[in-house]
1. Counting only protein heavy atoms and using a 1.4 Å probe, what share of the accessible area of the chain belongs to carbon plus sulfur, as a whole percent?
2. For the chain, what is the mean residue ellipticity at 222 nm derived from helices alone (per DSSP H run of n ≥ 4: -39500 (n - 2.57); sum divided by total residues; nearest 500 deg cm²/dmol)?
3. Counting only pairs 8 or more places apart or on different chains, how many lysine pairs in the stretch 1-126 have C-alpha atoms closer than 30 Å?
4. Tell me which GluC sites (Glu not before Pro) from the stretch 1-72 have a DSSP coil assignment and no more than 12 other beta carbons within 10 Å of their own.
5. To the nearest 20 Debye, how big is the dipole of the chain about its Cα centre, given +1 on the beta carbon of each Lys and Arg and -1 on that of each Asp and Glu?
6. Run the numbers on the chain and let me know its relative contact order in percent, using alpha-carbon pairs under 8 Å that are six or more apart.
7. In whole Å, what is the distance between the alpha-carbon centres of the stretch 65-113 and the stretch 10-62?
8. Spin-label point model (7 Å from Cα, Cβ direction): what's the Leu27 to Ala121 distance in nm?
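The values are calculated or read from the model by the stated rules, or taken from the named source; none is laboratory data. Everything numeric here is computed off the predicted structure, so don't read it as measured data. Here Cβ is always computed from backbone atoms with ideal geometry, including for glycine, and neighbour counts include all displayed protein chains. The accessibility values were calculated without ligands, DNA or RNA, using every heavy atom of the protein model including side chains. Shrake-Rupley method; radii C 1.70, N 1.55, O 1.52, S 1.80 Å.
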Amino acid sequence: TCNVLISSKVMEHLGQAGPIFRPEFALTGAGDTDFFIRVRAAGFSIAIARESIVFRDWTAERLTWRGVLRRAFRIGSTSMQLYRAHMSAAECERKRRKAHREMKQQIVALPGSLLKPKRLAKRLSRIACSLGVLHAHAGRRYRYYG
């Protein structure tokens, strides 16, 4: 949760409605985002210290092609999980259609990126992210952790 300070009032309030961090996000990620969405929906405010510095170590596996694409797929998948948990069916369908369009655009543009590694990585990441959205829209869960 990015080193957040949380009031005990927030924890008590959310805890009355069920688990503070919901189990459906435990192995996929985005549990902290789901938590923050519910905090805001409950009427609590969130303060951000924009000047704070957070250091994060990335494992070598995450910096490989496979690692980058797995993470992009997870991000797409969890974004749709969050939509399904907090948005209407119509908004979820709009997100699905947008992901489908994005994926098609990136696939069409892919041949022009084959000799440019940075551009190729960006296009493949967008395709993987879109696939994650479509995967989750179909009701599937991606277990990124564990």
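1. So the carbon and sulfur contribution to the accessible surface is 58 percent.
2. Counting only the DSSP helices, I get -19000 deg cm²/dmol.
3. 10
4. The qualifying sites are Glu51.
5. That gives the chain a dipole magnitude of about 860 debye.
6. Averaging sequence separation for qualifying contacts and normalising by length gives 32 percent for the chain.
7. The distance from the Cα centre of the stretch 65-113 to that of the stretch 10-62 comes to 21 Å.
8. Here the modelled spin labels are 2.9 nm apart.
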